[in-house]
Ligand code: SF4
């Protein structure tokens, strides 16, 4: 069996940076004589069980926003790549935590843009998954922003806002609100365009800000090219990772048998036999899959 890896796979810049910062901090505190501070991440650092378990073994605990300890005087808290709301940041500081900000610079740019537009009086639509950490974080920088998950929601929300200004679509629009649309960084350009079109039916002059990160698309495009060369595909990554599951769906949509594999241990008996039946097998990995996991899966396949 021939194994072919996707040209682009695994950690994106933001996730790699956050993971490296977390390990560096855990090592630094562990090595510091007399430094008894506890290291935490604000929520799970990434959607990868192996990394979370490894950090746990190194003494890095996960904080739950709904159950914050009252006193964080002796705590170092790492903010993950998705970022957090300014309210939560203030809460952590108020409780005494020393913060290490591992928010991805691209997510940070979205947060700053949302804040600037909000302060400039724009009504903001935020395209993305309501419960995703990044969306919740950005929402905190633009209080009152309207989250829309798809074109239908965008159109309905835009119409409601439009009607709220007491005008019909054919009427005068003397006091039309300034609107802006920004995106969760991992949204597909096609979804974003459809959402933008839904809003433009009511606010054709609305500003559309491009906050989509190319990392997701690069992995998806590389996988599509890979699918043209192979008979079956393995996607390495955590089952909780949305971008990993999306890669699996893309491989299947390309008509290739595909499996999501969290670790080399998953390549066992039955699955190993199934995979071996294909002469050319492709390997891709989600943006939160560590290099070591990819290498171990590669080793188990060969
Ligand atoms: S996908 Fe892009 S925006 Fe999101 S963490 Fe990775 S590099 Fe940053």
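Just so it is clear, none of the values below were taken in a lab; they were calculated from the coordinates. Owing to the predicted nature of the structure, the values given are computational and were not obtained by experimental measurement. Counting neighbours? That spans all protein chains shown, and the Cβs are built from the backbone with ideal geometry, glycine included.
Within the listed set 69, 105, 86, the residue fluctuating most in the Gaussian network model of the chain (springs between alpha-carbon atoms under 10 angstrom) is 69. When the P(r) is computed for the stretch 51-100, the part past 14 Å accounts for 54% of the Cα-Cα pairs.
Among 271, 88, 126, the largest mean-square fluctuation in a Gaussian network model of the chain (Cα springs under 10 Å) belongs to 271. Here is the P(r) of the stretch 168-265: all C-alpha pair distances, binned every 10 Å from 0, give 14, 33, 24, 15, 10, 4, 0 in whole percents.
So what is Rg over Rh here for the stretch 1-56, counting just Cα atoms and using Kirkwood for Rh? Before the final figure, lay out the partial values.
Numbers: Rg = 15.2 Å, Rh = 13.4 Å.
Dividing the radius of gyration by the Kirkwood radius yields 1.13.
When only Cα pairs under 8 Å and 6 or more residues apart are kept, what is the percent relative contact order across the chain? Write out the running numbers ahead of the final one.
Working: 546 pairs, mean separation 66.5, N = 302.
That works out to 22 percent.
Listed peptides 281-287, 3-9 appear in the order 281-287, 3-9 once ranked by packing, highest mean of other Cβ atoms within 10 Å at the front.
When each pair of different Cα atoms in the stretch 87-170 is counted once in the 1/r mean, what is the Kirkwood radius in angstroms, to one decimal?
Every distinct Cα pair counted, the radius reaches 14.5 Å.
Sequence-distant contacts, meaning Cα pairs under 8 Å at least 6 residues apart, place the relative contact order of the stretch 23-111 at 28 percent. Structure remark: mean-square fluctuation, Gaussian network model of the chain, C-alpha springs under 10 Å; the largest value among 139, 184, 73 belongs to 73.
Ratio of alpha-carbon Rg to the 2.2 N^0.38 Å globular estimate for the chain, to two decimals, please. Write down the numbers at each step before the final one.
On the way: Rg = 22.1 Å, N = 302, 2.2 N^0.38 = 19.3 Å.
In units of the 2.2 N^0.38 Å rule of thumb, it is 1.14.
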